[in-house]
Amino acid sequence: MFAGGDSPASNQYKFCFQRELPNLHQLSFEIWHRTKDIGDNETCYNLTYAIPLTLPVSKKKSIGSIHGRVYTSDSPAQSGLAEIVLRLNGATAVTNQKGEFLFPSVATGTYQLYVDRISIGLDYVTEQKLPITVEVTGGQTTEVEVGIVHSAIVSGKVLAIPANGGAMVVL
């Protein structure tokens, strides 16, 4: 390959040689030279031998993952709840802005998933009884949906009736 100079007072050339070898190996040689008008010369040599590396990548059969979403049961189609803390056998995950959480590397087996009650608020509870049992299969992602609802409110008056027949008292 030859390229002309970038100004009338300079001289440039570039020579490239590339050869494909067996097993996708490559050999290349490159020379680049430039002479300027004030006598400065630059010459570069580059010799490259490339060996492609292929690394087999696959999911481990003994490791799975748990992906889920925490949402309000009043509107399950809406985006989930952010910053909810979940615990799974010593590991902790926090939901993102969409209410999604991930435990990326979990050994095959049965686990108990806990939702931190303080992070969902004192006026809310999970639809499912805690802990939530999750079965993890190696090489697969287990999906978990956690619904959050308002907790029950009990209000009223307490009527106290004395045992000796005295006056009733409303508290």
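None of the figures in this text is laboratory data; all of them are computed from the coordinates on show. None of the values given here were measured: they were computed from a predicted structure. Because the Cβ atoms are built from the backbone with ideal geometry, glycine has one as well, and the counts that use them run over all protein chains shown.
Things to note:
- Number of the condition not met by Leu122 [criteria: (1) in contact with a Gly (Cβ under 6 Å, 6 or more places away or on another chain); (2) farther than 17 Å from Ile63 by Cα; (3) of a type in the set (A, V, I, L, M)]: (1)
- Only listed residue being surrounded by fewer than 17 Cβ atoms within 10 Å (Cβ to Cβ) and in contact with a strand residue (DSSP E or B) (Cβ under 7 Å, 6 or more places away or on another chain), chosen from Gly80, Gly68, Gly147, Gly90: Gly147
- Residue in segment 76-83 that is touching a residue at least 40 places away in the same chain (Cβ under 8 Å) and hydroxyl-bearing (Ser, Thr, Tyr) present: no
- Residue in segment 108-116 that is crowded, with 20+ Cβ neighbours inside 10 Å and out of contact with any Pro (no Cβ under 9 Å at 6 or more places or on another chain) present: no
- Complete set of residues in segment 126-144 that are without any contact (Cβ under 8 Å) to a residue 60 or more places away in the chain and surrounded by 10 or more Cβ atoms within 10 Å (Cβ to Cβ): Thr126, Glu127, Gln128, Leu130, Pro131, Ile132, Thr133, Glu135
- Strands (runs of 3 or more DSSP E) completely within segment 10-96 that count 2 or more residues being touching a Gly at 6+ places or on another chain (Cβ under 8 Å) and more than 27 Å from Glu145 (Cα to Cα): 11-20
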